[in-house]
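So the structure is just underneath, and the comments pick up after that.
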Amino acid sequence: MVEDKIIEQISQAVIDGDDVTSAERTRAALESGADPMLILNDGLMVGAEVVGKRFEQGEYFLPELLLTARALKSAMDVVKPALLVKHSGGMSQVRGKIIIATIQTDIHDIGKNIVASLLTASGFDVTDMGVDVPLKSIIDKAEEIGADVIAVSALLTTSMPYMKDLIELLKGRGLREKYKVLVGGASVTKTWADSIGADGTAGNAAGAVVLIRSLLGAG
């Protein structure tokens, strides 16, 4: 199918770090009638996962990651309005406040950026704190804005223990029950999330939206 070929081209553009092609092919996919969620999950996320694995295996390095992030951003700028139409459901009210960040010692933001964009399109008030964010800063910001959810990601397995430290710090400050804590990233599994006492994880951006809606009773 023509649609399948375009989606494959989007994935390849992300892998190649080609921001011009990623945007152009995303636009072509939308014009052909492709579901924006298909573009997101089977195009952008598949490409991002390939890049993440190649980085973990030492095939890709920081320059490749930066190019991939740029390619993803270009494509997301194109597809985001379509996602907004599909997922807003006509809602004008904010469904909840979310803090999202890449955990300290990790600078990877590909997956986080996609999740943040889709959550925003789904009607949530998202505060993206960026990468390598200290645990205390995450909690302080959550307190400042009255967040409902703290969502943290990590690509590197060496950074994942800080997710547990975040939950322990929340407990120590008597704040654990105040927030839903979600963890995510290429190496994060449900078993890991359960073992550290997180409220959940999701396999992709769309799943994260569904999970957060469920946790907050946001429909």
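The values are calculated or read from the model by the stated rules, or taken from the named source; none is laboratory data. None of these values were measured; they are calculated from a predicted model. Neighbour counts run over all protein chains shown; Cβ positions are idealised from the backbone, glycine included.
Mind telling me which of the residues LYS73, LYS5 ends up being surrounded by fewer than 16 Cβ atoms within 10 Å (Cβ to Cβ) and part of a helix (DSSP H, G or I)?
Details: LYS73 fails: surrounded by fewer than 16 Cβ atoms within 10 Å (Cβ to Cβ).
The conditions single out LYS5.
Looking at segment 24-34, which of its residues are surrounded by fewer than 21 Cβ atoms within 10 Å (Cβ to Cβ) and not acidic (Asp, Glu)?
ARG27, ALA28, LEU30, SER32, GLY33
Of the residues SER195, SER153, SER122, which is touching a His at 6+ places or on another chain (Cβ under 9 Å) and either loosely packed, with under 15 Cβ neighbours inside 10 Å or under 13 Å from ILE99 (Cα atoms) (or both)?
SER153
Exactly one condition in (1) at pLDDT below 80; (2) surrounded by 21 or more Cβ atoms within 10 Å (Cβ to Cβ); (3) under 29 Å from PRO134 (Cβ atoms) is not met by LYS53; state its number.
(2) is the only condition that LYS53 fails.
Do we have any residue at all in segment 15-31 that's closer than 30 Å to MET160 by Cα, assigned to a helix (DSSP H, G or I) and of a type in the set (A, V, I, L, M)?
Checked segment 15-31: at least one residue is closer than 30 Å to MET160 by Cα, assigned to a helix (DSSP H, G or I) and of a type in the set (A, V, I, L, M).
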